[in-house]
Amino acid sequence: MPQTPPHVPPADLLAPATDADGVTVRLWLRAWVAWLRGEGTDVRAVLARLQAWLQAVEADAQAQARLAHAWQRLGAAAADWAPLLADEGIARRPEFVAELAHRLRRHLLPVSPRTTDSSEWFGWVFDDERDARWLAAIPARQVQRLQQLLAPEGNGAPPVPVVWRGVLLDALAICTAHVAVTLVEPEVWQRMVPASRRLRAFEGLARNLDALRSTVRAHGPHAAPTQAAVDALRAALDACRHAAYTAYAHLDEHGISTAVVFRLHQLRERVLRAKRLLEALASPNPERAAMHLLARLVRANHQARRIGPLVARTSQLLAQRVAERNAETGEHYISRNRTEYWAMLRRALGGGAVLGLTTWSKLALTALGLSAFWGGLVAGLNYAAWFVLIMLLHWTVATKQPAMTAPALAARLKHLHSREAVLRFVDEIAHLLRSQVAAIAGNLLAVVPTVWLLDWGWRSVSGSHLVDEAKALHLIATHQLWGPTLLFAAGTGVLLFASSLMAGWAENAFVLYRLDTALAHHPAWIRWLGPQRAQRWAAWLRSHISGLAANVSLGLLLGLVPALLGFFGLGFDVRHVTLVTGQLTAALVALGPQALMQWDVLSALLAALLVGPINLAVSFYLAFRLALKAQGINAVNRQRIRQALLYRWRKAPGSFFWPPASEPAPRG
């Protein structure tokens, strides 16, 4: 039995029916594209099928008439092609939730062929991202033959190239209008430098676009005057982009606004799209340029449906919002020489002593027997109060540092242009690790005697230990090495990182909305504090808002997260190295020195030694990854840093724990 050759088109795909309406034409177009695509990914097979279809239609006069009629029915000269060329793939909603809901709807719900949204039906027709490959590969000769079939001479329809030029110019009008509107929006305009505002670059867009329209109409798309008009419009677009980019300096100084950054990103995308439209308009090979533009639109359409790129872009905006502020704060937690190393150790000793009091107060509050939520809230407020006291005394909590210092390190990654720069960055990592060693050592050296002294004092007054024997045994049992202790330590590292996010967000908001000057001139503050004291308090808040937000949020997280997770049946407890050490010290004092000979006690002590490194590693890793995303660091620089770190570890491992004898001068 004879078989149909694989590239011969079915009869119903030569052209739509004569009486086909717009919906039927779209359904036919989708089926035609699916037949062209086939089941494989071979571009040559697609081009062979297109060649066979062209030959079949050229040999059938009735199919040619039906195809030309369907082209007019589809609305080739209508305005919905221009928004497709101008807007496809460019996010329209600055709010993350709104854009996420839009993409989820496009991803999950089927598309109606009656839709009036050109983006929706375009993605519905080209529903495979691989369509971009064969669209870009269609040769100019086949495009010219297709143009002749769609608008043959003598049928009264304008030629396809003429329609295409009009659509390109209309799309350019949409792009330039969006660029001009974005440039004069108050959020962007007020952040631009005065010189850029005085240039009023947006005024040249409409003027140059009108000149381009007139030149194309008078001389065609490839004449020398047209090229000059294209160059003028391209220069006007660049001027608008450069003027808008001056707003970034304001953002760096006065706080990151995700809405403003989104609009600047959108303006950049519009400028690039307008330049691609200009290339398609003035190209000496317009057929190939048109196919390449359509291929880009297919890729952009599928990219605009994905959830991952949206989350990545939003997280990068949030990372910029947080990491820049944390980078400033984190500088204060890095010691670079022996003088600063000993200063860090002294501050950590003070912090450890206060955390000993924190351990005592937590054990006392536990004895109240409050319900889960209220117990967690009281514990969180207790932590927050002691952490704020440590900050006010200029002392240190070790595990809170890495989430703040990682952005300070990542800020230097933008300047790794030489081997010396990489080695300086490795030095910074060594400084950081030494600082953490000093901070942990200071906290632990102080918390143990503090808890012992508190127990001695309490025993002198009441005749009993801080914890009874049953509570001590319970503390030992819940901190076993082979239990969930190390997993809980990693979870606590996540909470440490989360508190640094809240601190960065709070400081960015404080700077962005200029709350320091608002409070300094607030009538209620002035009435309460007086003008001079209001100024001092506002300046103090500007300098310490990050620390206050970090400490209060960390305390509340440590207290409330276990209670909230317990509500959902997820067991979790805080495992902070200094607090764990303080609790185990109270338990050992209650059990006596003979308890050190028991395996479960040794297991708990060994677990406590591992809690600190896990706290540090998790919080530092998450903060460093966030900072890398904010700075846009590529994989090449990461590999260079990794190799330099391994080399330093092999040659001088002690430099990660103790300052060298030859130390640099202290920071000014």
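Values in this text are rule-based calculations from the coordinates and carry no lab data. The model shown is predicted, which means the values in this text are computed figures rather than measured ones. When we count neighbours, we look across all protein chains shown, and the Cβ atoms used for this are built from the backbone with ideal geometry, even at glycine.
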Check: segment 82-189 dipole with +1 on Lys, Arg Cβ and -1 on Asp, Glu Cβ, in debye: 360 debye
Please report the net charge: other residues with Cβ closer than 13 Å to the Cβ of Pro562, K and R +1, D and E -1. +1
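Please order Tyr341, Tyr245, Tyr647 by the number of other Cβ within 10 Å, starting at the fewest.
Working: Tyr341 19, Tyr245 15, Tyr647 12.
Starting with the residue having the fewest Cβ neighbours, the order is Tyr647, Tyr245, Tyr341.
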Pairs of lysine in the chain with Cα under 23 Å and at least 8 positions apart or on different chains: total? 4
With +1 on each Lys and Arg Cβ and -1 on each Asp and Glu Cβ, and nothing else charged, work out how big the dipole of the chain is about its Cα centre, in Debye to the nearest 20. 1380 debye
Calc'd 3J(HN,Hα), segment 519-528, phi into Karplus 6.51 cos²θ - 1.76 cosθ + 1.60 (θ = phi - 60°), Hz, glycine/Pro = x, comes to 6, 4, 10, 6, x, 5, 5, 5, 5, 7
Along its three principal axes, how long is the chain when you only count alpha carbons? Whole Å, largest extent first please. 110, 72, 55
Along its principal axes, what span do the Cα atoms of segment 323-656 show, with the longest given first and each in whole Å? 63, 61, 44
Under 13 Å, Cβ to Cβ, from Arg133 - net charge with Lys/Arg +1 and Asp/Glu -1: +1
Which order do His302, His242 fall in if you start with the one that has the fewest other Cβ atoms within 10 Å? His242, His302
Tell me, Trp537, Trp342 in order of fewest to most beta-carbon neighbours within 10 Å? Trp342, Trp537
Cα-based Rg/(2.2 N^0.38 Å) for segment 77-221, rounded to two decimals, is 1.33
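With runs of 4+ DSSP H residues as the only contributors, calculate the mean residue ellipticity of the chain at 222 nm using -39,500 (n - 2.57) per run, divided by the residue total and rounded to the nearest 500.
After summing the helix terms and dividing by residue count, I get -25000 deg cm²/dmol.
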Given the peptides 163-174, 224-235, 458-469, arrange them by the average over their residues of other C-beta atoms within 10 Å, most packed first. 163-174, 224-235, 458-469
Calculate one ³J(HN,Hα) per residue across segment 427-441 by plugging θ = phi - 60° into the Karplus curve 6.51 cos²θ - 1.76 cosθ + 1.60, and present them in order as whole Hz with x for glycine and proline. 4, 5, 5, 4, 4, 5, 5, 4, 4, 5, 4, 5, 5, 5, 4
Mean projected area (nm²) from the convex hull of Cα positions in segment 428-533 is 13.2 nm²
Measuring from centroid to centroid over Cα atoms, what is the spacing of segment 516-564 and segment 247-306 in Å? 41 Å
Spatial separation of Cα centroids for segment 338-398 and segment 88-145, in angstrom: 55 Å
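If you add up the charges near Phe488, with Lys and Arg at +1 and Asp and Glu at -1, over every other residue whose beta carbon is less than 12 angstrom from its beta carbon, what do you get?
Neighbour charge sum, excluding Phe488 itself: 0.
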